[in-house]
1. Would region 129-144 turn up any residue that is at pLDDT 75 or above and either surrounded by 15 or more Cβ atoms within 10 Å (Cβ to Cβ) or part of a helix (DSSP H, G or I) (or both)?
2. Mind listing whichever residues of region 107-118 are surrounded by 13 or more Cβ atoms within 10 Å (Cβ to Cβ) and either under 24 Å from the mean Cα position of the chain (by Cα) or outside any helix (DSSP H, G or I) (or both)?
3. When you go through (1) exposed (fewer than 10 other Cβ atoms within 10 Å of the Cβ); (2) over 26 Å from residue 107 (Cβ atoms); (3) at pLDDT 80 or above one by one for residue 90, which number turns out not to apply?
4. Please indicate, with yes or no, whether at least one residue in region 41-60 is modelled with pLDDT under 50, outside the structural domain of residue 117 (by TED's automatic domain parsing), over 28 Å from the mean Cα position of the chain (by Cα) and assigned to a loop (DSSP other than H, G, I, E, B).
5. Tally the residues that are in a helix (DSSP H, G or I), farther than 19 Å from residue 113 by Cβ and in contact (Cβ under 8 Å) with a residue 24 or more places away in the chain, restricting the search to region 61-71.
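The values are calculated or read from the model by the stated rules, or taken from the named source; none is laboratory data. Predicted model only: the values in this text are computed from it and were never measured. Cβ placement follows ideal geometry from the backbone for every residue including glycine, while neighbour counts extend to all protein chains displayed.
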């Protein structure tokens, strides 16, 4: 491989502008520009494409310096204490990305749909990772029921329990709740 300057490639593991053998020759950019990359010498992101990209971003997000100030103010406010209350790295990163999107909205085009969708997306990514608490089981009013005086379990269980009454030939088949209802008792 030929040594090149990867000033065009933000994905280059060596870093933009470093003199080294490019390890990212399979990138989309490299594939489109094989003829340029075949020769030695610096490979640069074409200036007109960079200028075009920066102009497009400026229209949508506003002045970069102003936007950065707003984003850093939001992140500073988040770091005044709220970021230390048990937040995971997932929570923190999503909040920081949302802060960036909010800064862009406040500085640039507030109707740029992608910024709003990105905020919803980051919030959803976190929400989907929150452990689900088991559903609370409502208290069973019959759970603390005692067997009425004189009654005993003769056989069975659950709804098929056969209840007997001491000193009497009286029986009842059903649950403890059914026995209480049969006797006119309340839970």
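1. No, there is no match, as no residue in region 129-144 is at pLDDT 75 or above and either surrounded by 15 or more Cβ atoms within 10 Å (Cβ to Cβ) or part of a helix (DSSP H, G or I) (or both).
2. Of everything in region 107-118, those that are surrounded by 13 or more Cβ atoms within 10 Å (Cβ to Cβ) and either under 24 Å from the mean Cα position of the chain (by Cα) or outside any helix (DSSP H, G or I) (or both) turn out to be 108, 109, 112, 115, 116, 118.
3. Against the list (1) exposed (fewer than 10 other Cβ atoms within 10 Å of the Cβ); (2) over 26 Å from residue 107 (Cβ atoms); (3) at pLDDT 80 or above, residue 90 comes up short only on (1).
4. For region 41-60, residues modelled with pLDDT under 50, outside the structural domain of residue 117 (by TED's automatic domain parsing), over 28 Å from the mean Cα position of the chain (by Cα) and assigned to a loop (DSSP other than H, G, I, E, B): absent.
5. 4
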